[in-house]
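> After the structure tokens below, expect a handful of questions from me.
The values are calculated or read from the model by the stated rules, or taken from the named source; none is laboratory data. What you see is a predicted model; the values in this text were computed from it and never measured. Using ideal geometry, Cβ is built from the backbone for each residue, glycine included, and neighbour counts are taken over all protein chains shown. Quick note on the areas: whole protein, heavy atoms, side chains included, nothing else; ligands and nucleic acids left out. Shrake-Rupley method; radii C 1.70, N 1.55, O 1.52, S 1.80 Å.
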Amino acid sequence: MNPARHQGRELLPEPYRIKMVEPLRIIPPEARKKAVREAGYNTFLLRSRDIYIDLLTDSGTNAMSDAQWSAMMMGDEAYAGSQSYFRLVEAVQSIYGYRYVIPTHQGRGAEHILSRCLIRPGSIVPGNMYFTTTRLHQELAGGGFADVIVDEAYDPQCDDSFKGNIDLRKLENLTKKVSAPKIAYVAVGAPVNMAGGQPVSMENMRQVSAFCRKRGIPLVLDAARAVENAYFIQQREPGYGLKPVRDILREMCSLTDICTMSAKKDAFANIGGFLAMNDASLYEEAKNLCVVYEGLHTYGGLAGRDLEALAQGIRESVERDDWIAHRISQVQYLWRGLKDAGIPVVHPCGGHAVFVDAQAFLPHIPQKLLPAQTLAAAIYADSGVRSMERGIVSAGRDAATKQDHAPELELVRLTLPRRVYTQTHLDYVSRGVRRTFQRRDSLCGLKFVYEPKYLRFFQARFAPVPKAPSARRRGRPGPRAGRRARPRSGAGPRPSRRT
Ligand code: F0G
């Protein structure tokens, strides 16, 4: 099989076999209802022992290889100058191509240091849709995020190949409005997590890179799942069909100046990340801040054995294209299973997860009653499958006005850890979501009963909002409460209401 031309129509056989297992159990329906109630209807607050199939995230939940486990035994636990650190630096330099590397405990550690180095009060950071932790660190450093993603990203039914692209017209208008020196940097996430794992094309990255270099604006890559983006370029962009993912990834990185990395995704590590760059003076400053917030710059909050797992995982992530082809084919298999059952999913299928359009799934629940949060809780109660809200709860509040962001996309994410679940698990998930779909009219919304100040989706608690007595029972005809007035699908990009 040539994975380079795999069209995602069938599930590829696993390019690995299993030599260690972890038991799973499913608790009865009544116990699941109790568990989700006690978790305040927040899937982040469930205990993992109560979960059958955990599709909360692909972050730190991947199965490490035998090579990674054996590399861990070589961990050099020296406080300073560990050999494991030098092996990590070599791996990053050879695969991603950046000159300087600072390990961090995970992606947000890198985001924190970078934001402190480059953002000043009043700075603007344009990017292709927000990510929760990234935007928060930009705001805490005194800056503001400006969304310059293409409009297509906001249309769940639009099938464009590169819905993660930056709209250069929006970027140019913004730069004219605020003047280039106010732009701290341009941030490109490839692919875009919150848009449904949608990739960015090489052509777009090239144009954005030229735009930034002309004006002296640094371009920062969020590389958490950049290997998946490189695979989509191979599959979808003319001229790349025969190039290995490794070369495509390297080309993507060469167009940027800095990279923040959560190594808990592509690199299969259970913990870890890094900040990498080409500029020596930025490196000096970031290295110094690393000591303050993460640990000495040769371990960045990680044990020597973690650095080893990470170095090996980085090499493995691009060693063979059939690994990445299999990973994406699993996501596509689940996507197709749900789509064929009539469940509204975000088009086209993204890299790390299947995103269900909760607003189309539950049209009777208005966004202020948190349809995606409601749906994630219901899927767990129905099948023991854990998913995650990616809608109004995740979007949080505007830093200045304190009003809720009301994102166009109100989604539930079913995220596939790498090398963890099998086809029969995926079939079970499809059946579970279908059961919830069949009883969708019985679901009512949720309201906040506790809202933490930062990244509220992680720790918030909710309570059900009982359905209002139906108009018919009260003797009055009328539309169902909250039913959306405007069509959601096939009607082109929606009007701008960006977060
Ligand atoms: N950037 C992207 C695109 C991410 O998806 C994440 C994390 C981060 C940065 C932050 O990295 O968690 O290592 O600090 N995403 C996880 C998820 C949490 O479930 O999507 P981190």
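> Counting only residues that are small (Gly, Ala, Ser) and over 20 Å from the mean Cα position of the chain (by Cα), which one in the stretch 181-228 is nearest to Leu275 (Cα to Cα)? Lay out the reasoning, then the answer.
At the first step, the residues of the stretch 181-228 found to be small (Gly, Ala, Ser) are 184, 187, 189-190, 195-197, 201, 209-210, 216, 223-224, 226.
Filter once more, keeping what is over 20 Å from the mean Cα position of the chain (by Cα): 184, 209-210, 216.
Numbers: Ala184: 17, Ser209: 19, Ala210: 22, Gly216: 20 Å.
Result: Ala184.
> Looking only at helices (runs of 4 or more DSSP H) that fall completely inside the stretch 1-100, which ones have 2 or more residues that are assigned by TED's automatic domain parsing to the domain that holds Ser281? Even if it seems obvious, please write down each step before you answer.
On the way: elements: 29-38, 66-72, 83-95.
So the answer is 66-72, 83-95.
> Inside the stretch 137-152, can you point out the residues that are open to solvent by 30 Å² or more (accessible area, probe 1.4 Å) and either in contact with a Leu (Cβ under 9 Å, 6 or more places away or on another chain) or at pLDDT below 95 (or both)?
His137
> Would you check which residues across the stretch 115-136 are surrounded by fewer than 21 Cβ atoms within 10 Å (Cβ to Cβ) and within 16 Å of the ligand (Cβ to nearest atom) and list them?
Within the stretch 115-136, Arg116, Thr132, Thr133, Leu136 meet the criteria.
> Quick one: what pairs do we get from the stretch 349-369, first residue within 22 Å of Tyr421 (Cβ to Cβ), second of a type in the set (Asp, Glu), C-beta under 8 Å, 6+ apart or different chains?
Taking only residues 6 or more apart or on different chains, the pairs are Gly351/Glu228; His352/Asp58; His352/Glu228; Ala353/Asp58.
Condition check ((1) over 29 Å from Ala263 (Cα atoms); (2) more than 16 Å from the ligand (Cβ to nearest atom); (3) open to solvent by 70 Å² or more (accessible area, probe 1.4 Å)) across all residues:
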position	(1), (2), (3)
Glu30	yes, yes, yes
Tyr52	no, yes, no
Leu55	no, no, no
Ser59	no, no, no
Ser65	no, yes, no
Gln68	no, yes, no
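> Out of Ala372, Ala325, which single residue is in a helix (DSSP H, G or I) and under 26 Å from Pro464 (Cβ atoms)? Full working, then the answer.
Numbers: Ala325 fails: under 26 Å from Pro464 (Cβ atoms).
Being in a helix (DSSP H, G or I) and under 26 Å from Pro464 (Cβ atoms) holds for just one of Ala372, Ala325, which is Ala372.
> Here's another thing I want to ask about it. Looking at the stretch 153-165, is at least one residue in the same structural domain as Asn204 (by TED's automatic domain parsing), more than 17 Å from Leu455 (Cβ to Cβ) and assigned to a helix (DSSP H, G or I)?
Step one: filter the stretch 153-165 for residues in the same structural domain as Asn204 (by TED's automatic domain parsing), giving 153-165.
Restricting the remaining residues to those that are more than 17 Å from Leu455 (Cβ to Cβ) gives 153-165.
Okay, now just the ones that are also assigned to a helix (DSSP H, G or I), so 153-154.
Checked against the condition, which is being in the same structural domain as Asn204 (by TED's automatic domain parsing), more than 17 Å from Leu455 (Cβ to Cβ) and assigned to a helix (DSSP H, G or I), the stretch 153-165 yields at least one hit.
Conditions (1) exposed (fewer than 12 other Cβ atoms within 10 Å of the Cβ); (2) modelled with pLDDT of 60 or more; (3) closer than 20 Å to Glu410 by Cβ, marked per residue:
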| position | (1), (2), (3) |
| --- | --- |
| Cys444 | no, yes, yes |
| Lys453 | yes, yes, no |
| Pro464 | no, yes, yes |
| Gly478 | yes, no, no |
| Arg483 | yes, no, yes |
| Arg488 | no, no, yes |
| Pro493 | no, no, yes |
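> Could you tell me whether any residue of the stretch 291-308 is open to solvent by less than 20 Å² (accessible area, probe 1.4 Å) and within 30 Å of Lys243 (Cα to Cα)? Reasoning before the result, please.
The initial filter retains those residues of the stretch 291-308 that are open to solvent by less than 20 Å² (accessible area, probe 1.4 Å), namely 295, 298, 300, 302, 304, 307-308.
From what is left, the residues that are within 30 Å of Lys243 (Cα to Cα) are 307-308.
Scanning the stretch 291-308, I find at least one residue that is open to solvent by less than 20 Å² (accessible area, probe 1.4 Å) and within 30 Å of Lys243 (Cα to Cα), so the answer is yes.
> Something else now. Of all residues in the stretch 153-172, how many are closer than 25 Å to Val356 by Cα and open to solvent by 40 Å² or more (accessible area, probe 1.4 Å)?
Adding up the residues that qualify gives 4.
> Which residues, taken from the stretch 232-263, are within 16 Å of the ligand (Cβ to nearest atom) and in a helix (DSSP H, G or I)? Even if it seems obvious, please write down each step before you answer.
Initially, the stretch 232-263 is screened for residues within 16 Å of the ligand (Cβ to nearest atom), giving 232, 249, 252-253, 256, 258-263.
Scanning the stretch 232-263 gives Phe232, Leu249, Met252, Cys253.
> When the residues of the stretch 381-430 are narrowed to those that are part of a strand (DSSP E or B) and either open to solvent by 30 Å² or more (accessible area, probe 1.4 Å) or not assigned by TED's automatic domain parsing to the domain that holds Phe355 (or both), which ends up nearest to Ile124 (Cα to Cα)? Outline the logic, then answer.
Restricting attention to the stretch 381-430, the residues satisfying the condition of being part of a strand (DSSP E or B) are 385-386, 388-390, 397, 404, 411-415.
In the following step, the residues that additionally are either open to solvent by 30 Å² or more (accessible area, probe 1.4 Å) or not assigned by TED's automatic domain parsing to the domain that holds Phe355 (or both) were identified as 397, 404.
Values: Arg397: 18, Asp404: 20 Å.
Filtering the stretch 381-430 for residues that are part of a strand (DSSP E or B) and either open to solvent by 30 Å² or more (accessible area, probe 1.4 Å) or not assigned by TED's automatic domain parsing to the domain that holds Phe355 (or both), the one nearest to Ile124 (Cα to Cα) comes out as Arg397.
> Could you list all residues from the stretch 317-335 that are over 20 Å from the mean Cα position of the chain (by Cα) and either within 15 Å of Ala353 (Cβ to Cβ) or surrounded by fewer than 20 Cβ atoms within 10 Å (Cβ to Cβ) (or both)? Don't jump to the end; show me each part of the working.
Of the residues in the stretch 317-335, the ones over 20 Å from the mean Cα position of the chain (by Cα) are 319-322.
Residues satisfying the conditions are Glu319, Arg320, Asp322.
> Now for a different question. Considering only the stretch 260-294, state which residues are small (Gly, Ala, Ser) and without any contact (Cβ under 8 Å) to a residue 40 or more places away in the chain.
Hit for the stretch 260-294 is Ser281, nothing else.
> Within the stretch 77-95, does at least one residue satisfy the condition of being more than 24 Å from Gln198 (Cα to Cα), within 16 Å of the ligand (Cβ to nearest atom), open to solvent by 10 Å² or more (accessible area, probe 1.4 Å) and touching a residue at least 24 places away in the same chain (Cβ under 8 Å)?
Scanning the stretch 77-95, I find no residue that is more than 24 Å from Gln198 (Cα to Cα), within 16 Å of the ligand (Cβ to nearest atom), open to solvent by 10 Å² or more (accessible area, probe 1.4 Å) and touching a residue at least 24 places away in the same chain (Cβ under 8 Å), so the answer is no.
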